[in-house]
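The values are calculated or read from the model by the stated rules, or taken from the named source; none is laboratory data. A quick note: this is a predicted structure, and the numbers were derived from the prediction, not measured. Using ideal geometry, Cβ is built from the backbone for each residue, glycine included, and neighbour counts are taken over all protein chains shown.
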Amino acid sequence: MNAITAPPAPETSTQLSTRLSRASVKKLWNVYGDIAWPESVDIGGEWFMTPELVSLYGTPAWDALDETGRKRLSFYDLVNFFSLTLHGERPLVQGLCNQMYARQNAEVTEYIHHFLDEENKHMVMFGEFCSRYAGKVYAQKKLVVPKTYAKGEEDVTFFIKVLIVEELGDYYNVMMQRDASIAPISREINRIHHADEARHIIFGRRLLAELWNEHAPKWQPETLTGLRTWLAGYLKASWNDFYNPTAYKDAGIADAYDARQAALAAECCREHRRRVSRKLVDYFIDTGILEAEPAL
Amino acid sequence: MDDRTPILDSGILSSLDVVELVIFIESLRGEEVDVDSIEPEALLNVDSLFETFFKAFGR
């Protein structure tokens, strides 16, 4: 007769934090010494992103470019990808500071110290790539408008933002770290980022689910509706940042704004956004944070 | 709605729409907008948008 055993209890955020802290110590790296920065890169001569991940891929603007033009666009699109990730990590670092020591949970706080250290190094790394090879980090165009929150809503909102910036970016990191046809420095930065982000995503998912289960049942229906509407809009707005007309201009595309609008409306690009977002959207639906897949 | 209707306070646009608004303004002006230098009052209504982003350009 087979013995029936109870399934193992799910790991708590405290247990998870202990495990992740250990992994962070084991995989500690030095942003100032571990990356071999080439003196220069060949813009237009080599790929910097996997072509299928370039934001205009499959659109008429892409079709109109020759191979040099496409490679050039892949460079400026990578600078945009690194810039938007850097800008996404800035408020994340700010918010993580607010989370430290706030829950009287030593294990979670210890992991947040690692999280912050790693995010700071990512910003150094992205900033260095953009400044060194493009001479700039693309500016972000988001404005923060003050808002009043229900109890726990600000923390839930914060971790939703964490997951969106990290999970969308991670899809790109995983694809590009494997792509031997792109510039080695691009592969290396994507590899380094993914190695840390894998831990951050596990942590963010667990903490967000716990926060949601703690607070959402006490919220008024209008708070729930408002948060879900905001989340759908925030995800869409985060995607729109991947289509930067300034990067298109730098790549030599004359009608940069039209190219952006066409890409946002193109079915192939919409399908790409849905594919990349799928795991994240499934998580939001499984936890009950979203009720249905948002339009992208 | 008229040119003085508050576009954010009345919910016509949300803070998430501001990025698209800024990019649309850039496409009309043909040059980038420095978001860090924008005062919140610039986004109050259509009149303030025109004053801030277009009047100095004679458009």
Exercise for the section: Can you run down the residue pairs with Cβ atoms below 7 Å, 6 or more apart or on separate chains, where the first is in the range B:22-40 and facing another protein chain (nearest Cβ under 7 Å) and farther than 16 Å from A:V144 by Cβ and the partner is among the aromatic types (F, W, Y) and surrounded by 16 or more Cβ atoms within 10 Å (Cβ to Cβ)? Expected result: B:S27/A:Y257
Exercise for the section: Report the residue count in the range B:41-59 for those that are modelled with pLDDT of 90 or more and over 10 Å from the mean Cα position of the chain (by Cα). Expected result: 0
Exercise for the section: Could you please tell me which pairs satisfy a Cβ distance under 7 Å, a separation of 6+ or placement on different chains, a first residue in the range A:255-268 that is within 13 Å of chain B (Cβ to nearest Cβ), and a second residue that is part of a helix (DSSP H, G or I) and among the charged types (D, E, K, R)? Expected result: A:A256/A:K249
Exercise for the section: Report, by residue number, each residue of the range A:78-120 that is on the phi < 0 side of the Ramachandran plot, of a type in the set (S, T, N, Q) and at pLDDT below 95. Expected result: A:Q94, A:N98, A:Q99, A:N105, A:T109
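Name every residue in the range A:105-123 that is hydrophobic (A, V, I, L, M, F, W, C) and within 16 Å of the chain's Cα centre (by Cα), in order of residue number.
Of the residues in the range A:105-123, the ones hydrophobic (A, V, I, L, M, F, W, C) are A:106, A:108, A:112, A:115-116, A:123.
Passing the criteria: A:F115, A:L116, A:M123.
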Fill in the blank from the handout: In the range A:54-68, anything assigned to a helix (DSSP H, G or I) and touching a helix residue (DSSP H, G or I) at 6+ places or on another chain (Cβ under 9 Å) is listed as A:P60, A:A61, A:W62
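For residues in the range A:151-193 being in contact with an Asp or Glu (Cβ under 6 Å, 6 or more places away or on another chain) and assigned to a helix (DSSP H, G or I), which is farthest from A:D241 (Cα to Cα)? Can you show your working first?
At the first step, the residues of the range A:151-193 found to be in contact with an Asp or Glu (Cβ under 6 Å, 6 or more places away or on another chain) are A:166, A:170, A:183.
Cutting the leftovers down to assigned to a helix (DSSP H, G or I) gives us A:166, A:170.
Working: A:E166: 14, A:D170: 16 Å.
The residue in question is A:D170.
Select from the range B:1-40 the residues that are assigned to a loop (DSSP other than H, G, I, E, B) and of a type in the set (S, T, Y) and write down the one among them that is modelled with the highest pLDDT.
Initially, the range B:1-40 is screened for residues assigned to a loop (DSSP other than H, G, I, E, B), giving B:1-14, B:30-34, B:38-39.
In the following step, the residues that additionally are of a type in the set (S, T, Y) were identified as B:5, B:10, B:14.
Details: B:T5: 94, B:S10: 89, B:S14: 87.
This residue is B:T5.
Assess whether B:S10 counts as being without any contact (Cβ under 8 Å) to a residue 24 or more places away in the chain, more than 13 Å from chain A (Cβ to nearest Cβ) and among the small types (G, A, S). Before the answer, list the steps.
Values: without any contact (Cβ under 8 Å) to a residue 24 or more places away in the chain: yes; more than 13 Å from chain A (Cβ to nearest Cβ): yes; among the small types (G, A, S): yes.
So B:S10 passes the test.
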Completion exercise
Within the range B:41-59, the count of residues that are outside any helix (DSSP H, G or I) and either in contact with a Ser or Thr (Cβ under 8 Å, 6 or more places away or on another chain) or at the interface with chain A (Cβ under 8 Å from one of its Cβ atoms) (or both) comes to 1
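Give the range A:220-229 a look and list any residue that's touching a helix residue (DSSP H, G or I) at 6+ places or on another chain (Cβ under 7 Å), in contact (Cβ under 8 Å) with a residue 60 or more places away in the chain and more than 14 Å from chain B (Cβ to nearest Cβ), or say none. Lay out the reasoning, then the answer.
Initially, the range A:220-229 is screened for residues touching a helix residue (DSSP H, G or I) at 6+ places or on another chain (Cβ under 7 Å), giving A:223-224, A:227.
Okay, now just the ones that are also in contact (Cβ under 8 Å) with a residue 60 or more places away in the chain, so A:223, A:227.
Within the range A:220-229, just A:T223 meets the criteria.
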Handout entry: Residue satisfying condition, being part of a helix (DSSP H, G or I), away from chain B (no Cβ under 14 Å), closer than 25 Å to A:M175 by Cβ and not basic (K, R), within set A:E210, A:E271
Key = A:E271
Problem - Top-ranked residue of the range A:230-254 - restricted to ones that are in a loop (DSSP other than H, G, I, E, B) and surrounded by fewer than 21 Cβ atoms within 10 Å (Cβ to Cβ), ranked as nearest to the other protein chains (Cβ to nearest Cβ) - result: A:A254
Fill in the blank from the handout: Per the list (1) small (G, A, S); (2) surrounded by fewer than 20 Cβ atoms within 10 Å (Cβ to Cβ); (3) within 16 Å of the chain's Cα centre (by Cα), residue check on A:A102 breaks on (3)
Handout entry: Qualifying residue in the range A:128-151 (condition: buried (at least 22 other Cβ atoms within 10 Å of the Cβ) and more than 14 Å from chain B (Cβ to nearest Cβ))
Key = yes
